[in-house]
Amino acid sequence: MRICNFALLLVTFLAALCGSSVAAPGNVPRYRQYITTPDSTANQELTVTVVSVDAGRRTILVEESPGAVIVTSDTVFDNNLRLDELKAGLKVRVIGIALSDGRVQASEVHAAR
């Protein structure tokens with residue numbers, strides 16, 4: 001019984017963190033989509049210096065925090081940029097969402113001006 005009470009308390013706490021309410025017993029709770037997506041829906045804009053690019057992992061390593069920027073098939077690059085063209089020392093402006101591990105998932109990558 002104590003384990004059940006603890007589990008209910010934990011679910012209630014986690015639901016409160018996610019901005020959800022706990023379903024009444026017998027109801028199936030609806031989990032919000034962002035449980036499996038990036039932690040913040042607020043876009044961040046950063047200007048960073050490229051250290052290297054791992055095209056296979058679709059990752060741009062950068063000097064500044066966050067240290068790594070993840071690109072996806074949805075990431076939009078400037079007209080003059082491609083992932084494989086990014087070179088060490090190039091400054092880029094990244095717009096994206098912070099992930100729980102500290103990296104940023106880029107929605108846009110632009111040449112810094």
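The values are calculated or read from the model by the stated rules, or taken from the named source; none is laboratory data. Predicted, not measured: the structure shown is a model, and the values here were computed from it. Using ideal geometry, Cβ is built from the backbone for each residue, glycine included, and neighbour counts are taken over all protein chains shown.
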Pick from segment 27-38, criterion surrounded by 11 or more Cβ atoms within 10 Å (Cβ to Cβ) and over 14 Å from Ser100 (Cα atoms), ranking: modelled with the lowest pLDDT: Arg32
Among the residues of segment 61-95, the number that are surrounded by 14 or more Cβ atoms within 10 Å (Cβ to Cβ), part of a strand (DSSP E or B) and not charged (D, E, K, R) is 11
Filter segment 39-60 for residues that are modelled with pLDDT under 90 and small (Gly, Ala, Ser); the one that is surrounded by the fewest Cβ atoms within 10 Å (Cβ to Cβ) is Ala42
